[in-house]
Amino acid sequence: MRRRVFVATAAAGAALLPGRGIPQARAQAPAPAWEDIVGPGGLYRLRMPKGYRFLANPRPDGGTLRQYTFTFADRVLLDFMVTDFVGNEAHLPAPPAELAKRLVAIQGGMEKSWPGATVLEQGPIQLGAVPGRRFVLGVEQGRGVLSARVYFSPKALYVQVAHAPAGARQDPAIALFMDSLSLAG
């Protein structure tokens, strides 16, 4: 199964390249205003463009999956997901080597959801005291790029994703989104 992001809004004049899933820009949409988001109990802070979509789904283990998504008219999809571990003892602190294995496995799972993806960059990262992993995948036969940062804390799993056409890899909105995250621990 091939995963694609399809964005088409008449107001922005976006058009899709035939059969490819990468939006083709026709007109530069005005930059949206950004707002600060603070998670329950101050667990996380992040900046998202105003107008983002928010979903919260309870999990069978008592936790909650929260997802914040924003799609620019014809450029970039920003996605932030938090899965908290309320009531799930399996995610309590693990030794650093075990956390590293979990993070690599999460990256592997994301790679599998993009058949033909190529790893362009990867490595461990740290946000405060929370270990993580960053990676950039070339997707859709090089026409797209998926940038991700994943953090695994005793309280939650945090996943930041930006999907963009390859030429928008250095888009300042991606850097603003990715660098705005802070975690309580």
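Read the figures in this text as sums done on the coordinates, not as results from a lab. These figures come from a predicted structure and were not determined experimentally. Using ideal geometry, Cβ is built from the backbone for each residue, glycine included, and neighbour counts are taken over all protein chains shown.
Between residue 57 and residue 143, the simple spin-label model (points 7 angstrom out along Cα→Cβ) gives 2.8 nm.
Using R0 = 35 Å, the C-beta based FRET efficiency linking residue 45 and residue 112 works out to 0.70.
Qualifying chymotrypsin sites (Phe, Trp or Tyr not before Pro) in region 115-182, where qualification requires a DSSP coil assignment and no more than 15 other C-beta atoms within 10 Å, are lacking entirely.
Here the gap between residue 136 and residue 67, fully extended at 0.36 nm per residue and compared with their Cα-Cα distance, gives a gain of 22.8 nm. Where in region 129-163 does the label zone of residue 102 land, with the point 7 angstrom along Cα→C-beta and an amide N cut-off under 16 Å? Hits in region 129-163 for residue 102 at 16 Å: 129-134, 150-160. Shown for 48, 81: other C-beta atoms within 10 Å of each C-beta, ranked fewest to most, produce the order 81, 48. Annotation: amide H-H contacts under 5 Å for residue 44 (H modelled 1.01 Å from N, sequence separation of 5 or more, or interchain): 39, 184. What separates the Cα centres of region 38-78 and region 134-185 is a distance of 14 Å. Taking a straight line from the alpha carbon of residue 112, these lysines sit under 27 Å away, with near neighbours fewer than eight places off in the same chain left out: 101, 155.
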